[in-house]
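Asks: Encoded as C-alpha coordinates, here's the structure I'll be asking about.
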Amino acid sequence: MNRWKLRIPEGVQDYLPEECFNKRDIEESIRNIFFLSGYEEIETPSFEYFDVFNGSSINIEQEKMFKIVEAGSRILVMRPDLTMPIARITATKLNESLLPLRLSYISNVYRYEELQIDKQREIAQAGVELLGVAQPEADAEVISMAIQIFIKLGLSDFQIDIGQVEFFKGLIEESKIEPEISEELRILIDQKNLLALRAFLENVNIPDRLKHIFLGLPQLYGGVEILEEAMKLTQNPRCIKAVENINQVYNILKAYGLEKYISFDLGMVQSLNYYTGIIFRGITSNIGFPLCGGGRYDSLLSEFGYDIPATGFAIGIKRLLISLEKQKKLKKIPPIDILVI
(Lines give C-alpha, C1' and ligand atoms only; values in the text may rest on other atoms or scores of the structure.)
Protein backbone atom coordinates (compact mmCIF):
# COMPACT_ATOMS: atom_id res chain seq x y z
CA MET A 1 0.00 0.00 0.00
CA ASN A 2 1.17 3.54 -0.76
CA ARG A 3 2.43 4.84 2.62
CA TRP A 4 1.21 8.37 1.85
CA LYS A 5 -2.37 7.12 1.97
CA LEU A 6 -1.98 6.63 5.71
CA ARG A 7 -0.46 10.03 6.49
CA ILE A 8 -1.42 13.68 6.59
CA PRO A 9 0.83 16.62 5.62
CA GLU A 10 3.06 18.18 8.27
CA GLY A 11 1.54 21.10 10.13
CA VAL A 12 -2.09 19.90 9.94
CA GLN A 13 -4.04 17.49 12.14
CA ASP A 14 -7.07 15.28 12.50
CA TYR A 15 -9.45 16.16 15.33
CA LEU A 16 -10.70 12.93 16.95
CA PRO A 17 -14.15 12.85 18.57
CA GLU A 18 -13.38 14.20 22.05
CA GLU A 19 -11.07 16.98 20.82
CA CYS A 20 -13.47 17.85 18.00
CA PHE A 21 -16.34 18.02 20.50
CA ASN A 22 -14.37 20.46 22.68
CA LYS A 23 -13.22 22.49 19.68
CA ARG A 24 -16.80 22.98 18.51
CA ASP A 25 -17.94 23.75 22.06
CA ILE A 26 -15.22 26.39 22.50
CA GLU A 27 -15.97 27.95 19.12
CA GLU A 28 -19.68 28.15 19.91
CA SER A 29 -18.99 29.76 23.30
CA ILE A 30 -16.73 32.34 21.67
CA ARG A 31 -19.27 32.96 18.88
CA ASN A 32 -21.94 33.62 21.50
CA ILE A 33 -19.75 36.14 23.35
CA PHE A 34 -18.98 37.93 20.07
CA PHE A 35 -22.67 38.09 19.18
CA LEU A 36 -23.80 39.32 22.61
CA SER A 37 -21.08 41.99 22.46
CA GLY A 38 -22.51 43.35 19.21
CA TYR A 39 -20.01 41.83 16.76
CA GLU A 40 -21.47 40.52 13.52
CA GLU A 41 -19.86 37.42 12.02
CA ILE A 42 -18.50 37.40 8.48
CA GLU A 43 -16.70 34.80 6.38
CA THR A 44 -14.05 35.36 3.72
CA PRO A 45 -12.78 33.09 0.91
CA SER A 46 -10.14 30.49 1.77
CA PHE A 47 -7.90 31.90 -0.96
CA GLU A 48 -7.44 35.43 -2.22
CA TYR A 49 -5.24 37.37 -4.60
CA PHE A 50 -1.68 37.76 -3.33
CA ASP A 51 -2.10 41.54 -3.68
CA VAL A 52 -4.44 41.60 -0.65
CA PHE A 53 -1.50 40.61 1.57
CA ASN A 54 1.13 42.77 -0.13
CA GLY A 55 1.61 46.31 1.16
CA SER A 56 3.76 48.60 3.29
CA SER A 57 1.57 48.16 6.40
CA ILE A 58 1.32 44.37 6.09
CA ASN A 59 3.57 42.18 8.20
CA ILE A 60 3.36 38.71 6.61
CA GLU A 61 6.41 37.51 4.72
CA GLN A 62 5.44 36.15 1.33
CA GLU A 63 7.69 33.13 1.93
CA LYS A 64 5.20 32.03 4.60
CA MET A 65 2.22 32.06 2.24
CA PHE A 66 0.85 29.03 0.41
CA LYS A 67 0.61 30.18 -3.21
CA ILE A 68 -1.49 29.01 -6.15
CA VAL A 69 -1.02 30.15 -9.74
CA GLU A 70 -4.40 30.88 -11.31
CA ALA A 71 -5.07 30.31 -15.00
CA GLY A 72 -3.83 33.52 -16.61
CA SER A 73 -0.85 33.65 -14.18
CA ARG A 74 -2.42 35.68 -11.36
CA ILE A 75 -1.00 34.54 -8.01
CA LEU A 76 -3.46 33.43 -5.35
CA VAL A 77 -2.66 32.59 -1.73
CA MET A 78 -4.41 30.55 0.91
CA ARG A 79 -5.35 33.30 3.38
CA PRO A 80 -2.50 33.63 5.90
CA ASP A 81 -4.46 36.14 7.97
CA LEU A 82 -8.06 37.31 8.37
CA THR A 83 -7.56 40.99 9.18
CA MET A 84 -6.49 41.87 5.63
CA PRO A 85 -9.52 40.22 3.97
CA ILE A 86 -11.77 42.00 6.47
CA ALA A 87 -10.03 45.28 5.61
CA ARG A 88 -10.73 44.53 1.92
CA ILE A 89 -14.41 43.81 2.63
CA THR A 90 -14.76 46.95 4.78
CA ALA A 91 -13.19 49.17 2.13
CA THR A 92 -15.16 47.74 -0.81
CA LYS A 93 -18.51 46.54 0.53
CA LEU A 94 -19.06 48.20 3.91
CA ASN A 95 -17.58 51.64 3.23
CA GLU A 96 -20.99 53.29 3.40
CA SER A 97 -21.98 51.58 6.65
CA LEU A 98 -22.42 53.58 9.82
CA LEU A 99 -19.25 53.57 11.94
CA PRO A 100 -18.10 51.98 14.13
CA LEU A 101 -18.18 48.54 12.58
CA ARG A 102 -17.89 45.50 14.83
CA LEU A 103 -17.02 42.35 12.89
CA SER A 104 -16.07 38.85 14.05
CA TYR A 105 -14.87 35.60 12.49
CA ILE A 106 -14.11 31.97 13.31
CA SER A 107 -12.07 30.49 10.46
CA ASN A 108 -8.82 28.83 9.49
CA VAL A 109 -5.70 30.59 8.23
CA TYR A 110 -2.79 28.95 6.43
CA ARG A 111 0.88 29.77 6.94
CA TYR A 112 4.05 27.99 6.01
CA GLU A 113 5.75 28.00 9.42
CA GLU A 114 8.89 26.17 10.46
CA LEU A 115 7.77 22.96 12.12
CA GLN A 116 8.45 23.35 15.81
CA ILE A 117 6.18 22.65 18.78
CA ASP A 118 2.71 24.04 18.01
CA LYS A 119 3.84 25.45 14.64
CA GLN A 120 0.70 24.59 12.76
CA ARG A 121 0.23 25.38 9.08
CA GLU A 122 -3.55 25.21 9.24
CA ILE A 123 -4.53 27.45 12.16
CA ALA A 124 -8.03 27.77 13.59
CA GLN A 125 -8.65 31.32 14.79
CA ALA A 126 -11.45 33.33 16.35
CA GLY A 127 -11.22 37.11 16.37
CA VAL A 128 -12.81 40.52 16.16
CA GLU A 129 -12.11 43.80 14.39
CA LEU A 130 -13.46 47.10 15.76
CA LEU A 131 -13.28 49.61 12.93
CA GLY A 132 -13.78 53.36 12.94
CA VAL A 133 -12.88 54.24 16.56
CA ALA A 134 -9.54 55.80 17.52
CA GLN A 135 -10.25 56.35 21.23
CA PRO A 136 -8.72 54.20 24.01
CA GLU A 137 -12.21 52.91 24.83
CA ALA A 138 -11.99 50.76 21.68
CA ASP A 139 -8.68 49.19 22.75
CA ALA A 140 -10.10 48.52 26.21
CA GLU A 141 -13.21 46.96 24.66
CA VAL A 142 -11.33 44.33 22.66
CA ILE A 143 -8.90 43.56 25.50
CA SER A 144 -11.78 43.09 27.94
CA MET A 145 -13.52 40.78 25.46
CA ALA A 146 -10.44 38.52 25.30
CA ILE A 147 -10.43 38.36 29.11
CA GLN A 148 -14.16 37.57 29.20
CA ILE A 149 -13.64 34.69 26.77
CA PHE A 150 -10.89 33.13 28.87
CA ILE A 151 -12.98 33.49 32.04
CA LYS A 152 -16.08 32.04 30.35
CA LEU A 153 -14.13 28.99 29.16
CA GLY A 154 -12.84 28.35 32.69
CA LEU A 155 -9.22 29.20 31.91
CA SER A 156 -7.20 30.06 35.00
CA ASP A 157 -3.64 31.35 35.42
CA PHE A 158 -3.63 33.73 32.46
CA GLN A 159 -2.77 37.38 31.99
CA ILE A 160 -2.87 40.03 29.28
CA ASP A 161 0.41 41.82 28.55
CA ILE A 162 -0.09 45.33 27.17
CA GLY A 163 2.52 47.31 25.24
CA GLN A 164 2.65 50.37 22.98
CA VAL A 165 4.76 50.42 19.81
CA GLU A 166 4.88 54.23 19.77
CA PHE A 167 7.23 54.18 22.78
CA PHE A 168 9.83 52.28 20.74
CA LYS A 169 9.10 54.35 17.62
CA GLY A 170 9.75 57.54 19.56
CA LEU A 171 13.15 56.29 20.65
CA ILE A 172 14.00 55.21 17.10
CA GLU A 173 12.98 58.63 15.76
CA GLU A 174 15.19 60.31 18.37
CA SER A 175 18.10 58.00 17.55
CA LYS A 176 17.96 58.76 13.80
CA ILE A 177 19.20 55.27 12.92
CA GLU A 178 18.65 53.50 9.60
CA PRO A 179 15.58 51.24 9.10
CA GLU A 180 17.72 48.10 8.79
CA ILE A 181 19.40 48.78 12.14
CA SER A 182 16.13 49.67 13.85
CA GLU A 183 14.53 46.43 12.61
CA GLU A 184 17.41 44.33 13.97
CA LEU A 185 17.14 46.25 17.24
CA ARG A 186 13.38 45.63 17.35
CA ILE A 187 13.80 41.88 16.86
CA LEU A 188 16.40 41.57 19.65
CA ILE A 189 14.28 43.61 22.08
CA ASP A 190 11.11 41.67 21.23
CA GLN A 191 13.00 38.38 21.77
CA LYS A 192 14.41 39.76 25.05
CA ASN A 193 17.84 38.59 23.94
CA LEU A 194 19.89 40.74 26.33
CA LEU A 195 23.34 39.36 25.46
CA ALA A 196 22.90 39.81 21.72
CA LEU A 197 21.26 43.20 22.29
CA ARG A 198 24.19 44.47 24.35
CA ALA A 199 26.69 43.31 21.71
CA PHE A 200 24.62 44.86 18.92
CA LEU A 201 24.31 48.24 20.63
CA GLU A 202 28.09 48.49 21.05
CA ASN A 203 28.32 48.97 17.28
CA VAL A 204 25.42 51.41 16.93
CA ASN A 205 26.36 55.09 16.76
CA ILE A 206 23.84 56.64 19.18
CA PRO A 207 24.27 58.43 22.54
CA ASP A 208 24.96 56.24 25.57
CA ARG A 209 21.73 57.50 27.18
CA LEU A 210 19.67 55.95 24.37
CA LYS A 211 21.73 52.76 24.44
CA HIS A 212 20.90 52.45 28.13
CA ILE A 213 17.18 52.89 27.43
CA PHE A 214 17.17 50.33 24.59
CA LEU A 215 19.07 47.84 26.75
CA GLY A 216 16.51 48.27 29.52
CA LEU A 217 13.42 47.87 27.33
CA PRO A 218 13.25 44.04 27.54
CA GLN A 219 13.12 44.38 31.33
CA LEU A 220 10.34 46.99 31.37
CA TYR A 221 7.86 44.28 32.23
CA GLY A 222 5.51 43.94 35.19
CA GLY A 223 2.83 45.85 37.06
CA VAL A 224 1.62 49.42 36.82
CA GLU A 225 4.87 50.66 38.39
CA ILE A 226 6.52 49.92 35.02
CA LEU A 227 4.62 52.83 33.49
CA GLU A 228 5.98 55.22 36.12
CA GLU A 229 9.49 53.92 35.47
CA ALA A 230 9.08 54.40 31.71
CA MET A 231 8.02 58.04 32.19
CA LYS A 232 11.27 58.71 34.05
CA LEU A 233 13.45 57.28 31.26
CA THR A 234 12.82 59.88 28.58
CA GLN A 235 11.36 63.31 27.86
CA ASN A 236 10.55 62.32 24.27
CA PRO A 237 6.99 63.60 23.60
CA ARG A 238 6.11 60.59 21.44
CA CYS A 239 7.21 58.17 24.17
CA ILE A 240 5.37 60.09 26.88
CA LYS A 241 2.17 60.13 24.81
CA ALA A 242 2.47 56.34 24.33
CA VAL A 243 2.69 55.70 28.08
CA GLU A 244 -0.23 58.06 28.71
CA ASN A 245 -2.25 56.06 26.18
CA ILE A 246 -1.50 52.81 28.04
CA ASN A 247 -2.61 54.49 31.26
CA GLN A 248 -5.89 55.57 29.64
CA VAL A 249 -6.64 52.01 28.50
CA TYR A 250 -5.60 50.57 31.87
CA ASN A 251 -7.87 52.97 33.80
CA ILE A 252 -10.85 51.83 31.70
CA LEU A 253 -10.00 48.15 32.30
CA LYS A 254 -9.59 48.94 35.99
CA ALA A 255 -13.07 50.49 35.99
CA TYR A 256 -14.31 47.19 34.50
CA GLY A 257 -12.74 45.35 37.47
CA LEU A 258 -10.23 43.51 35.26
CA GLU A 259 -6.95 44.98 36.55
CA LYS A 260 -5.83 41.70 38.15
CA TYR A 261 -5.46 40.17 34.68
CA ILE A 262 -3.30 43.02 33.32
CA SER A 263 0.48 43.43 33.14
CA PHE A 264 2.65 45.69 31.00
CA ASP A 265 5.53 45.03 28.62
CA LEU A 266 7.20 47.95 26.85
CA GLY A 267 9.71 45.51 25.38
CA MET A 268 6.91 43.90 23.34
CA VAL A 269 7.59 45.55 19.98
CA GLN A 270 5.85 43.61 17.23
CA SER A 271 5.76 44.62 13.57
CA LEU A 272 6.20 48.39 13.50
CA ASN A 273 4.70 48.87 10.05
CA TYR A 274 1.50 47.01 10.96
CA TYR A 275 0.80 48.09 14.54
CA THR A 276 0.41 51.79 15.33
CA GLY A 277 -0.41 51.97 19.05
CA ILE A 278 -1.60 49.63 21.80
CA ILE A 279 -0.59 45.99 21.34
CA PHE A 280 -1.38 43.06 23.62
CA ARG A 281 -1.15 39.30 23.98
CA GLY A 282 -2.71 36.72 26.29
CA ILE A 283 -0.32 34.32 27.96
CA THR A 284 -0.48 31.42 30.41
CA SER A 285 2.19 29.40 32.20
CA ASN A 286 0.92 26.16 30.68
CA ILE A 287 2.26 26.69 27.16
CA GLY A 288 5.14 28.66 25.69
CA PHE A 289 3.09 30.51 23.08
CA PRO A 290 0.59 33.38 23.34
CA LEU A 291 -3.08 32.33 23.43
CA CYS A 292 -4.12 35.51 21.64
CA GLY A 293 -2.61 38.61 20.15
CA GLY A 294 -3.78 41.90 18.76
CA GLY A 295 -3.62 45.65 18.85
CA ARG A 296 -4.25 48.90 17.01
CA TYR A 297 -3.53 49.11 13.28
CA ASP A 298 -4.72 52.54 12.14
CA SER A 299 -2.76 52.56 8.85
CA LEU A 300 -3.88 49.24 7.39
CA LEU A 301 -7.24 50.16 5.87
CA SER A 302 -5.70 53.05 3.94
CA GLU A 303 -3.89 50.34 1.93
CA PHE A 304 -7.35 49.44 0.62
CA GLY A 305 -8.45 53.02 -0.01
CA TYR A 306 -10.49 53.55 3.17
CA ASP A 307 -8.62 55.52 5.82
CA ILE A 308 -10.23 54.68 9.18
CA PRO A 309 -8.71 53.56 12.51
CA ALA A 310 -9.05 49.99 13.70
CA THR A 311 -8.16 47.60 16.50
CA GLY A 312 -8.74 43.90 17.11
CA PHE A 313 -7.37 40.54 18.20
CA ALA A 314 -7.28 36.86 17.30
CA ILE A 315 -7.32 33.78 19.54
CA GLY A 316 -5.58 30.55 18.53
CA ILE A 317 -8.16 27.79 19.06
CA LYS A 318 -5.60 24.96 19.14
CA ARG A 319 -3.46 26.75 21.73
CA LEU A 320 -6.57 27.35 23.79
CA LEU A 321 -7.43 23.65 23.59
CA ILE A 322 -3.92 22.68 24.73
CA SER A 323 -4.04 25.10 27.65
CA LEU A 324 -7.49 23.96 28.77
CA GLU A 325 -6.39 20.32 28.53
CA LYS A 326 -3.32 21.02 30.72
CA GLN A 327 -5.60 22.68 33.26
CA LYS A 328 -7.98 19.71 33.04
CA LYS A 329 -10.83 21.94 31.85
CA LEU A 330 -11.89 20.00 28.75
CA LYS A 331 -15.31 18.33 28.71
CA LYS A 332 -16.18 14.70 28.14
CA ILE A 333 -18.51 13.80 25.30
CA PRO A 334 -21.96 13.33 26.88
CA PRO A 335 -22.88 9.62 26.93
CA ILE A 336 -25.96 8.28 25.20
CA ASP A 337 -28.11 6.75 27.95
CA ILE A 338 -31.18 5.81 25.87
CA LEU A 339 -31.35 4.38 22.38
CA VAL A 340 -34.74 4.16 20.69
CA ILE A 341 -34.93 1.86 17.68
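The values are calculated or read from the model by the stated rules, or taken from the named source; none is laboratory data. Remember, predicted model here, so these are calculated numbers, not experimental data. Here the Cβ positions follow ideal geometry from the backbone for every residue, glycine too, while neighbour counts run over all protein chains shown. The area values use the complete protein model at the heavy-atom level, side chains included, leaving out ligands, DNA and RNA. Shrake-Rupley method; radii C 1.70, N 1.55, O 1.52, S 1.80 Å.
Asks: Under 1.5 on a/c is rounded, so check that first for the range 43-193, then, if it is not, pick prolate when a/b is larger than b/c and oblate when it is not; a ≥ b ≥ c are the square roots of the alpha carbon gyration tensor eigenvalues. Provide the component values of the computation, followed by the final result.
Replies: Values: a/c = 1.31, a/b = 1.09, b/c = 1.21.
The shape class here is rounded.
Asks: Ignoring ligands, DNA and RNA, please state the percent of accessible area on the chain from carbon and sulfur, probe 1.4 Å. It would help to have the intermediate numbers written out before the result.
Replies: Numbers: 9100 of 17650 Å².
Carbon and sulfur: 52 percent of the exposed surface of the chain.
Asks: At a Cα cut-off below 19 Å, give the aspartates and glutamates reachable from LYS254, other chains included and same-chain residues fewer than 8 away excluded.
Replies: GLU137, ASP139, GLU141, ASP157, ASP161, GLU225, GLU228, GLU244, ASP265
Asks: Roughly how many Å² is the accessible area per residue of the range 208-339, as a whole number, for a 1.4 Å probe? Working shown, then result.
Replies: On the way: 6240 Å² over 132 residues.
Value returned for the range 208-339: 47 Å² of accessible area per residue.
Asks: Hey, can you find the accessible area per residue of the range 126-166 for me, probe 1.4 Å, expressed in square angstrom? Please report the intermediate quantities before stating the final value.
Replies: Numbers: 1060 Å² over 41 residues.
Counting only protein heavy atoms, the per-residue value for the range 126-166 is 26 Å².
Asks: Tell me what the chain gives for mean residue ellipticity at 222 nm when only DSSP H runs of n ≥ 4 count, each as -39,500 (n - 2.57), the sum divided by the residue total, rounded to 500 deg cm²/dmol. Walk me through the numbers before you get to the answer.
Replies: Working: 10 runs with 127 residues, N = 341.
Here the helix-only value at 222 nm equals -11500 deg cm²/dmol.
Asks: For ILE336 and TYR49, calculate 0.36 nm times their separation in residues minus their Cα-Cα distance, and state this gained length in nm to one decimal. Mind dumping the intermediate values first?
Replies: Numbers: separation 287, 0.36 × 287 = 103.32 nm, distance 4.65 nm.
In short, 98.7 nm is gained.
Asks: Name the shape class, rounded, prolate or oblate, that the alpha-carbon gyration tensor gives for the range 1-90, where a ≥ b ≥ c are the square roots of its eigenvalues, rounded holds for a/c under 1.5, and otherwise prolate holds if a/b is larger than b/c and oblate otherwise. Please list the in-between numbers first.
Replies: Details: a/c = 2.51, a/b = 1.05, b/c = 2.40.
Here the range 1-90 falls in the oblate category.
Asks: How about the range 66-115: which trypsin sites (Lys or Arg not before Pro) there are in a DSSP loop, with at most 15 other Cβ atoms within 10 Å of their Cβ?
Replies: Numbers: sites: LYS67, ARG74, ARG88, LYS93, ARG102, ARG111; in loops: ARG74, ARG111.
Sparse-neighbourhood loop trypsin sites (Lys or Arg not before Pro): ARG74.
Asks: Mind checking which lysines have their C-alpha under 21 Å from LYS119, skipping anything on the same chain fewer than 8 residues away?
Replies: Correct list for LYS119: LYS23, LYS64, LYS67, LYS192, LYS318, LYS326.
Asks: Please list, or write none, the aspartates and glutamates whose alpha carbon is within less than 17 Å of the alpha carbon of LYS93, excluding same-chain residues fewer than 8 places away.
Replies: GLU40, GLU41, GLU43, GLU48, GLU129, GLU303, ASP307
Asks: Continuing with this model, one more query. How much net charge surrounds ASP81 when only other residues with a Cβ under 12 Å from its Cβ are counted (Lys, Arg +1; Asp, Glu -1)?
Replies: Working: positive: LYS64, ARG79, ARG88, ARG111; negative: GLU48, GLU61, GLU129.
Once all neighbours under 12 Å are counted, the net charge is +1.
Asks: From the Cα gyration tensor of the range 192-238, with a ≥ b ≥ c the square roots of its eigenvalues, which class applies: rounded if a/c is under 1.5, or else prolate if a/b is larger than b/c, or else oblate?
Replies: On the way: a/c = 3.54, a/b = 1.41, b/c = 2.51.
Because a/c hits 1.5 or more and a/b fails to exceed b/c, the range 192-238 counts as oblate.
Asks: While we're on this one: Give me the distance between the Cα centres of the range 291-341 and the range 204-227, rounded to whole Å.
Replies: The distance from the Cα centre of the range 291-341 to that of the range 204-227 comes to 33 Å.
Asks: Continuing with this model, one more query. Considering only the other residues whose Cβ falls under 14 Å of the Cβ of PRO136, what net charge follows from Lys and Arg at +1 and Asp and Glu at -1?
Replies: -3
Asks: Another question about this same structure. Report the relative contact order of the chain, percent, no decimals, based on alpha-carbon pairs under 8 angstrom and at least 6 residues apart. Walk me through the numbers on the way to the answer.
Replies: Working: 531 pairs, mean separation 76.8, N = 341.
Reported as a whole number, the value is 23 percent.
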